[in-house]
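J.: First, the structure itself, so that you have it in front of you.
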Amino acid sequence: MAAAKHIEINCMPENVEFLKCKKKDPNPEKCLDKGRQATRCALGLLKELYQRCKDPMEGYVGCMYYHTNEFDLCRKQQQAFEKACPL
């Protein structure tokens with residue numbers, strides 16, 4: 001949840017292609033490749049974010065976990081994370 005905005009922006013092409021595939025054909029086997037591409041993008045981005053701004057990311061993730069993903073209660077940590085790793 002903490003990296004949702006980053007994933008949305010950076011992995012949009014992969015996610016859009018996956019959703020188009022799912023809409024065109026509900027058979028899960030038909031979209032496995034597109035799903036793998038979307039997953040690979042998100043995991044790669046998470047690894048990159050963790051390497052570039054580990055402490056702010058951990059602070060934000062910890063706050064989100066503690067407050068059950070309530071963004072409003074973690075704005076300070078969110079700002080620190082987004083300052084360290086801008087969108």
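J.: Considering only region 36-64, state which residues are farther than 14 Å from residue 4 by Cβ and hydroxyl-bearing (Ser, Thr, Tyr).
T.: Once the filter is applied, which keeps residues that are farther than 14 Å from residue 4 by Cβ and hydroxyl-bearing (Ser, Thr, Tyr), region 36-64 yields 39, 50.
J.: Failed condition for residue 41, given (1) surrounded by 14 or more Cβ atoms within 10 Å (Cβ to Cβ); (2) outside any helix (DSSP H, G or I); (3) not hydroxyl-bearing (Ser, Thr, Tyr), with all others met?
T.: Evaluating residue 41 over (1) surrounded by 14 or more Cβ atoms within 10 Å (Cβ to Cβ); (2) outside any helix (DSSP H, G or I); (3) not hydroxyl-bearing (Ser, Thr, Tyr) leaves (2) as the failure.
J.: I would also like to ask the following. Checking residue 16 against (1) under 12 Å from the mean Cα position of the chain (by Cα); (2) modelled with pLDDT of 95 or more, which test does it fail?
T.: All conditions are met except number (1).
J.: Given (1) out of contact with any helix residue (DSSP H, G or I) (no Cβ under 9 Å at 6 or more places or on another chain); (2) farther than 17 Å from residue 82 by Cα; (3) basic (Lys, Arg), identify the lone condition not met by residue 47.
T.: (2)
J.: I've got another one for you. Quick one: residue 63 ticks every box in (1) at pLDDT below 95; (2) in contact with a helix residue (DSSP H, G or I) (Cβ under 9 Å, 6 or more places away or on another chain) bar one, so which box is it?
T.: Unmet condition: (1).
J.: What is the one condition in (1) farther than 20 Å from residue 11 by Cα; (2) surrounded by 12 or more Cβ atoms within 10 Å (Cβ to Cβ) that residue 68 does not satisfy?
T.: In the conditions (1) farther than 20 Å from residue 11 by Cα; (2) surrounded by 12 or more Cβ atoms within 10 Å (Cβ to Cβ), residue 68 misses (2) alone.
J.: Can we say residue 52 is more than 17 Å from residue 87 (Cβ to Cβ), open to solvent by 60 Å² or more (accessible area, probe 1.4 Å) and not acidic (Asp, Glu)?
T.: No: the conditions fail for residue 52.
J.: Go through (1) open to solvent by 60 Å² or more (accessible area, probe 1.4 Å); (2) hydrophobic (A, V, I, L, M, F, W, C); (3) touching a residue at least 24 places away in the same chain (Cβ under 8 Å) one by one and return the number of the condition residue 2 breaks.
T.: (1) is the only condition that residue 2 fails.
The values are calculated or read from the model by the stated rules, or taken from the named source; none is laboratory data. Remember, predicted model here, so these are calculated numbers, not experimental data. FYI the Cβ positions are ideal-geometry reconstructions off the backbone, even for glycines, and counts take in every protein chain you see. When the accessible area is computed, the model is the full protein with side chains, heavy atoms only, and any ligands, DNA or RNA have been set aside. Shrake-Rupley method; radii C 1.70, N 1.55, O 1.52, S 1.80 Å.
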